[in-house]
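The values are calculated or read from the model by the stated rules, or taken from the named source; none is laboratory data. These figures come from a predicted structure and were not determined experimentally. Note: ideal-geometry Cβ built from the backbone for every residue, glycine included; neighbour counts use all protein chains shown. Heads up: the accessible areas ignore ligands, DNA and RNA and are worked out on the full protein's heavy atoms, side chains in. Shrake-Rupley method; radii C 1.70, N 1.55, O 1.52, S 1.80 Å.
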Amino acid sequence: MAIRPIVQHTDNFIRKVSKPVKVFDEKLWELLDDMWETLDDRIGSGLSAVQVGVLKRVFILNINNMKIEFVNPVITKKSGEQYHKEGCLSVNLPFDYVKRPKQVTVVAYDRFGNKFTLTCEEWTAVCVCHETDHLDGKLYIDQICVPPKGMAEDD
Ligand code: NI
């Protein structure tokens, strides 16, 4: 395992669209293991493969020590709205508000190619959206907004 350098938003590579994983092999497992080591070395809720320079549709989440790997994730359902301040290991700028669905359902595969469905809300839903955006070259800084009255974290 190895800690990999994190691509910054000033590098155009971060804007590239990642490609679906076709083979669930040791190369994928090594990537995932390195991503865990890289994320565990930093303070963050998630990390996508593009952030370590690999254009594969893969991300990991570590929320309250619940660790999940997502391969080829697709958000199949969204409902409601919420506003949280987001940051990113690829963006060295202040955290800021983004509008996200309150609840999302995501269909993805684990590292062995087993399909699973996860419905989540609150911060986990924010992170699933943030990381899925990375796979399409999108960053939270593209989507900064002013929350409506009563919807901000500190209202
Ligand atoms: Ni990010």
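Some observations on this one:
- These residues, 151, 35, 1, go from largest to smallest accessible area, 1.4 Å probe, as 1, 151, 35.
- Partners for residue 22 among lysines (Cα-Cα distance below 28 Å; same-chain residues under 8 apart left out): 56, 67, 77, 78, 115, 138
- Relative contact order (percent, whole number), the chain, Cα cutoff 8 Å, 6+ residue spacing: 24
- For segment 68-108, the solvent-accessible area with a 1.4 angstrom probe is 46 square angstrom per residue.
- Cleavage-rule hits, trypsin sites (Lys or Arg not before Pro), segment 13-63, DSSP coil, Cβ neighbours within 10 Å at most 16: 16, 22, 42
- Calculated [θ] (222 nm, deg cm²/dmol) that DSSP helices of n ≥ 4 give over the chain, each run adding -39,500 (n - 2.57): -6000 deg cm²/dmol
- Per residue, the convex hull volume that the Cα atoms of segment 11-79 enclose (Å³): 120
- For residue 56, the residues whose amide H sits under 5 Å from its own are 19, 50, ignoring neighbours fewer than 5 places away on the same chain, with H placed 1.01 Å from N.
- Share of carbon and sulfur in the accessible heavy-atom surface of the chain [1.4 Å probe, %]: 52
- For the chain, the alpha-carbon coordinates run over 49, 33, 28 Å along the three principal axes, in decreasing order.
- Using R0 = 22 Å, the C-beta based FRET efficiency linking residue 138 and residue 114 works out to 0.20.
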